[in-house]
1. Report yes if some residue within the range 30-44 is within 18 Å of G127 (Cβ to Cβ), surrounded by fewer than 15 Cβ atoms within 10 Å (Cβ to Cβ) and among the aromatic types (F, W, Y); otherwise report no.
2. What are the residues in the range 192-211 that are buried (at least 20 other Cβ atoms within 10 Å of the Cβ), assigned to a strand (DSSP E or B) and not β-branched (V, I, T), if any?
3. Check whether at least one residue in the range 16-33 is of a type in the set (D, E, K, R) and closer than 21 Å to P119 by Cβ, and report yes or no.
4. Got a sec? Which of L143, L117, L132, L109 is surrounded by 14 or more Cβ atoms within 10 Å (Cβ to Cβ) and touching a Gly at 6+ places or on another chain (Cβ under 7 Å)?
5. Being open to solvent by less than 50 Å² (accessible area, probe 1.4 Å), more than 23 Å from the chain's Cα centre (by Cα) and more than 20 Å from L157 (Cβ to Cβ) is the filter here; which residues of the range 94-106 pass it?
6. Across the range 235-258, what is the total count of residues that are part of a helix (DSSP H, G or I) and over 12 Å from the mean Cα position of the chain (by Cα)?
7. Could you list, in sequence order, the residues of the range 201-224 that are hydroxyl-bearing (S, T, Y) and either within 15 Å of A124 (Cα to Cα) or modelled with pLDDT under 95 (or both)?
Amino acid sequence: MRYWTGAEWRVIVIDAGFQETGEAIVEHVRSVYGTNTVEHVVSTHPDNDHISGLRAVISQLNVQNLWMHVPEYHAKNMMDYFHDPRWTLEGLTADLRRAYPIVSEIRDLALKRGTSLHPPFLGAKIGPFTVLSPTQAMYEGLLPQFRDTPKPAQQLLVLLGHWLTGIGRRVATEIRRIIAEDLFTETLREGGITAAENESSVVLYGQIDGRNIFLTADAGLRALGAAVSYGIAIGLQFGTALNIFQVPHHGSRNNISPALLNRIVGNVSGFGSRRSIGCVISAGPEDETHPRQVVVNALLRRGVEPQDTKKGMLLFNHGVPDRAGFSPAPTLEFATRVEAYD
């Protein structure tokens, strides 16, 4: 992303996909933005499809600031959050470092190249963006529930309100069933649950030249609900005041709900009405399960016209000429048949 400060252009990179995506971002920054300097890089969470490409970005560009959670830095605060009472601080720190080698690799590479490292927690200012989630306490409550961390102390995490519960996620091999929807019947459910790694995602709200941008990475209902509440508390606007909304986690139905969509983009509107919110769903061309049609339908009911990245890059610009080679992207269509939950 490139933005004008009134005096100069500055560049922010938020996640970098897989390694090949990172290489493409480096080329884009150099050839399109005409610079080797990136003011801020944000790693939203440590899943490979978000963090792997940061190797290329950090090693090939002049990155001034890296915003990234580093699990091992939180070992001291989480000694009681794991099932085995025999952990020592040194042992837990080393285990967390081993569990997330790519985080350590990117951290070490950034520091070697003189990049400043910062923790992206609630309230942090990253250029024109404000971090709306997570808090440090929330992150440390989620980290023991990550796939690659030691067995968590579930009872304590439940007592502290950190344990993730909800309607659950189906295994990928389960046979799909199809049910009907229409313009007046919504089957998207409340109470979805996503992985703890996703809930730890850095959620950002940006204000650039009067435009409001809400970027959610892979955050789930807990993180997004908290993010919207905090945003409203500090005077940020949602609903029709939004100009760009990135739908969480490739358009997964586990990461959004009717009530949360109402808070973010507004209530179900009269059909045929349209809200001027640029709505992007990041999903790869080979991803057969995303975006979920039930999520697409829910967005369309609220007057939002979602577009996805399955056919390539989406460009959002304001106050600058259109870029050659780009044409209007098609809006995803409403469907009367969606995948059932059970």
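The values are calculated or read from the model by the stated rules, or taken from the named source; none is laboratory data. Just so it is clear, the model here is predicted, and its values are computed rather than measured. FYI the Cβ positions are ideal-geometry reconstructions off the backbone, even for glycines, and counts take in every protein chain you see. Note: accessible area is taken over every heavy atom of the protein model, side chains too, but ligands, DNA and RNA are not part of it. Shrake-Rupley method; radii C 1.70, N 1.55, O 1.52, S 1.80 Å.
1. no
2. If the condition is that a residue be buried (at least 20 other Cβ atoms within 10 Å of the Cβ), assigned to a strand (DSSP E or B) and not β-branched (V, I, T), then L204, Y205, G206 are the ones that fit.
3. The initial filter retains those residues of the range 16-33 that are of a type in the set (D, E, K, R), namely 20, 23, 27, 30.
With the extra rule that they be closer than 21 Å to P119 by Cβ, the set shrinks to none.
Scanning the range 16-33, I find no residue that is of a type in the set (D, E, K, R) and closer than 21 Å to P119 by Cβ, so the answer is no.
4. Details: L143 fails: touching a Gly at 6+ places or on another chain (Cβ under 7 Å); L117 fails: touching a Gly at 6+ places or on another chain (Cβ under 7 Å); L109 fails: touching a Gly at 6+ places or on another chain (Cβ under 7 Å).
The match here is L132.
5. If we filter the range 94-106 for residues that are open to solvent by less than 50 Å² (accessible area, probe 1.4 Å), which is where we start, we get 94-96, 99-100, 102-104, 106.
Keeping just the survivors that are more than 23 Å from the chain's Cα centre (by Cα) gives 94-95.
Listed by number, the list holds a single entry, A94.
6. So the count comes out to 4.
7. Going through the range 201-224, the residues hydroxyl-bearing (S, T, Y) turn out to be 201, 205, 216.
Within the range 201-224, S201, Y205 meet the criteria.
Condition check ((1) over 22 Å from L204 (Cα atoms); (2) surrounded by 21 or more Cβ atoms within 10 Å (Cβ to Cβ); (3) in contact with a Cys (Cβ under 6 Å, 6 or more places away or on another chain)) across all residues:
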{"position": "L261", "(1), (2), (3)": "no, yes, no"}
{"position": "I264", "(1), (2), (3)": "no, yes, no"}
{"position": "C279", "(1), (2), (3)": "no, yes, no"}
{"position": "V295", "(1), (2), (3)": "no, yes, no"}
{"position": "Q307", "(1), (2), (3)": "no, no, no"}
{"position": "K310", "(1), (2), (3)": "yes, no, no"}
{"position": "F316", "(1), (2), (3)": "no, no, no"}
{"position": "V320", "(1), (2), (3)": "yes, no, no"}
{"position": "A340", "(1), (2), (3)": "yes, no, no"}
